[in-house]
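Since the structure comes first, as structure tokens, the remarks are kept for the end.
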């Protein structure tokens, strides 16, 4: 009688050695490089003996944290480049919360900030650090930031320049309501009526019992159109933006804001 051929014995391949999650993440991060990204330094602080941790605002990747190794050494190329309010071309590697900065070159083309404009610049940086999430791209806000620095450097009125940036920041981070629509009437804001702005919902008709800043409909319309030529709009928008920003910050103080308030009543 014919016999059936015996089935071949199949042996399982040897298991590959396990790699820890940390090693896998390290390998993945090492393969991610970003080169020549438009960027600005927002804030930096010492890390170990010779390095810095730097908060960088980039056009296409948002606010990121990088380690600038050796940046505190006297002859480090990075030491001279990592200055606030100066446009950079930044390159880094990694995908973790802290990347490794591999290059930063000064691009130039912008006037330095001085005196009052310098204080305003630090205020902008503090807003970005506290109100934007890391790794959340905001290319439109980045362009606003560049434009605002240029306006401050060329002597534009800080009251107007800061209000426009504050409003742009809230819009681009998705927490700004339409100031031209009244939530209590469901209709357009009226120029001659008084309103308060609910930070979560938007404008509504003002009540006698309100403790929030009361602003005119004209001010709200002006703010939506970036028009701060009217003196009343300047005063009311300052109070309103201070209120809205305080809400978004959860009551946390802005150090540079207090300096500006004390010195310039901005």
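Can you give me the relative contact order of region 25-106 as a percent, contacts being Cα pairs under 8 Å and 6 or more apart? Each step should come with its number before you reach the end.
Working: 186 pairs, mean separation 27.2, N = 82.
Dividing the mean separation by the residue count of region 25-106 yields 33 percent.
What number, in percent, do you get for the relative contact order of region 115-264 if the mean sequence gap of Cα pairs under 8 Å and at least 6 apart is divided by its residue count?
Relative CO of region 115-264 lands at 23 percent.
Between residue 248 and residue 73, take the C-beta separation as r, use R0 = 41 Å, and let me know the FRET efficiency to the nearest 0.05. Please report the intermediate quantities before stating the final value.
Numbers: r = 39 Å, r/R0 = 0.94.
It comes out at approximately 0.60.
How far, in degrees from 0 to 90, does helix 21-30 lean away from the longest principal axis of the Cα atoms of the chain, to the nearest 10?
Orientation of helix 21-30: about 70 degrees from the principal axis.
If you fit an axis through the alpha-carbon atoms of helix 115-131 and take the longest principal axis of the Cα set of the chain, what angle between them do you get, 0 to 90°, nearest 10?
Tilt relative to the chain: about 50 degrees.
Return the ratio Rg/(2.2 N^0.38 Å) for region 119-266, where Rg is computed over Cα atoms only. Before the final figure, lay out the partial values.
Working: Rg = 15.1 Å, N = 148, 2.2 N^0.38 = 14.7 Å.
Relative to the 2.2 N^0.38 Å estimate, region 119-266 comes out at 1.02.
Treat region 24-163 as a sphere of radius equal to its Kirkwood radius over Cα pairs and apply Stokes-Einstein at 10 °C in a medium of 1.306 mPa s; give the translational diffusion coefficient in µm²/s, rounded to a whole number.
Estimated via Stokes-Einstein, D reaches 102 µm²/s.
Counting each DSSP H run of 4 or more residues in the chain as -39500 (n - 2.57), what helix-only mean residue ellipticity at 222 nm follows after dividing by all residues, to the nearest 500 deg cm²/dmol?
Only helices count here, giving -11500 deg cm²/dmol.
Compute the acute angle (0 to 90°) between the alpha-carbon long axis of helix 231-248 and the principal axis of greatest extent of the alpha-carbon atoms of the chain; round to the nearest 10°.
30
Using only Cα atoms, figure out Rg for region 25-106 and give it as a multiple of 2.2 N^0.38 Å. Don't skip to the end; give the middle numbers.
Numbers: Rg = 11.7 Å, N = 82, 2.2 N^0.38 = 11.7 Å.
Compared with the compact-globule rule of thumb, region 25-106 sits at 1.00.
Stretch residue 126-residue 154 to full length: gain in nm at 0.36 nm per residue minus the Cα-Cα span?
That pair, residue 126 and residue 154, stretches by 8.0 nm at full extension.
Bear in mind these aren't lab numbers, they're just calculated from the coordinates by the rules spelled out. Note that the coordinates shown come from a computational prediction; the quantities given were computed from them, not determined experimentally. Please note: Cβ atoms are built from the backbone with ideal geometry, for glycine as well, and neighbour counts cover all protein chains shown.
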